[in-house]
Amino acid sequence: MSLASPSNAFEFSGWNFSQPRCPNKLTAGRRLALMSLDDTECMARLAAGDTTALRQLYERHGRALLRFSAAMCRSRQAAEDLVHDTFVALLREPLRFDPSLGSAYAYLCGVLRHRVSRHYRQEKRWVTLDSGDDADFSAEDAPGPLDAIARSEITAAFRRAMLELPLPHREIIALCDLEELPYTTVANILGCPIGTVRSRLHRARALLTIRLASLELVVGDALSFAHRGFS
Amino acid sequence: MIGPAHPNLRELMNNYARDLGQISPSASLDARIGHLVATGSKSFKRPPRAWRRLLAWGAAAGFAAAAISAGIVIGMRLERARDLAVAQRAAPPQIGLAFADLAMWPSDSVALTIPAEYSPQGTLVAVNPGEKSTAQRYLIDVVVSNDGTIRIERIVPADGQVEHQQANPDGVSLHVQ
């Protein structure tokens, strides 16, 4: 398939869609609870100087962090760089993790979101000539059937709408709606009360719906639903 | 309490989340993490935390001191320039006496006696003593001090005061005090 195919509109088409997102049917909160026990041990080993614990943490949370980073960043390279920086920060200062304040995943997500904020602050100094995401496109990743192409176009438009959202709104949707994390975990990651998470999510959904309505991706019913978010 | 998202939005989110879920880390990222695991924290050379913090505080204090000093110097210069401008504006106009000859208090003065007579307008005007006139003449004693003031001491009729007229051709006689 050539680069001029309709799937080129899919900005992050360079990603490798090879493995399912959630192989088992456990909820995100349940998975986190099960993982946190082992994570604390891994963190303790890492603090003691055992770097193999870093590998375990990466295998356990790397994909989830990459998903979050991909939802926040415009390019795959930037998303992977930020995940790498997160693990570098963890390796540098493993003692900063306090298990009494939350899970290791929440801590890593918190570090990552700070890296994302810094990435966008630094990006403001530069003028982007082209996103270059389309250059990552590879024929192997493109879906074959027409309905898959149409769906990916809609998803690409949704992604564009997501990337146009302000950073705080984007991250709340990525954590609450895409990662489906519990509000308590999200509040822990963002360092704010649960009430703030709820109100910010409500507003973020309303903003996203309005943007999607301008792209004619949602019906008028959803738009009136969104306008209630500002009332 | 926030409810679930609108079904239409929920469907779009699910599709997007499904696509995001199919992302797997690239071989490059795996290799970089592997390198991190292999090298450990030895690959990072950084100064100790206390030393770094001290350095940051020192730099901040130095910068603050420099900013305050610069502010003081600039303020002093502005103040001095303003005082000079005010002094120049308030300086008296140049008169016959030199600026240094004027004092705050009169320390020196001269007394002059000027012959005068009434003009048709009713004011006293200086007269030429050589000119003959039938009008009543007066002698005005004036004291000029070095503080820039002129004071009229007294005005007396000129009867019998011939010695003044003889003293000076214009009738003005000088008395050194």
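The values are calculated or read from the model by the stated rules, or taken from the named source; none is laboratory data. The structure displayed is predicted, hence computed values, not measured ones. In this analysis, Cβ positions are derived from the backbone assuming ideal geometry, glycine residues included, and neighbour counts consider all displayed protein chains.
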Consider only pairs whose beta carbons are under 6 Å apart and that are at least six residues apart or on different chains; among these, list those whose first residue lies in the stretch B:39-55 and is within 9 Å of chain A (Cβ to nearest Cβ) and modelled with pLDDT of 65 or more and whose second residue is surrounded by 10 or more Cβ atoms within 10 Å (Cβ to Cβ) and part of a helix (DSSP H, G or I). B:Ser41/A:Leu91
State all residues of the stretch A:169-184 that are outside any helix (DSSP H, G or I) and not acidic (Asp, Glu); if no residue qualifies, say none. A:Leu181, A:Pro182
Any residue in the stretch B:117-145 that's touching a residue at least 40 places away in the same chain (Cβ under 8 Å): show its pairings with residues that are acidic (Asp, Glu) at Cβ separation under 6 Å, as long as the two are six or more apart or on different chains. B:Val127/B:Glu117
Quick one: which residue in A:Arg63, A:Arg92 is within 9 Å of another protein chain (Cβ to nearest Cβ) and either in contact with a strand residue (DSSP E or B) (Cβ under 8 Å, 6 or more places away or on another chain) or under 14 Å from B:Pro25 (Cβ atoms) (or both)? A:Arg63
When only residues in the stretch A:175-198 that are more than 20 Å from B:Leu12 (Cα to Cα) and of a type in the set (A, V, I, L, M, F, W, C) count, which is farthest from the other protein chains (Cβ to nearest Cβ)? A:Ile189
Would you pick out the residues in the stretch B:115-166 that are surrounded by 15 or more Cβ atoms within 10 Å (Cβ to Cβ) and at pLDDT below 75? B:Pro129, B:Gln161, B:His164, B:Gln165
Just name the residue that is surrounded by the fewest Cβ atoms within 10 Å (Cβ to Cβ) out of those in the stretch A:185-200 that are assigned to a helix (DSSP H, G or I) and small (Gly, Ala, Ser). A:Gly195
Among (1) modelled with pLDDT under 90; (2) within 11 Å of chain B (Cβ to nearest Cβ), which single condition is A:Ala204 missing? (1)
Of all the residues that make up the stretch A:69-89, how many are more than 9 Å from every other protein chain (Cβ to nearest Cβ) and among the aromatic types (Phe, Trp, Tyr)? 0
Restricting attention to the stretch B:1-27, the residues that are facing chain A (nearest Cβ under 7 Å), of a type in the set (Gly, Ala, Ser) and in a helix (DSSP H, G or I) number exactly 2
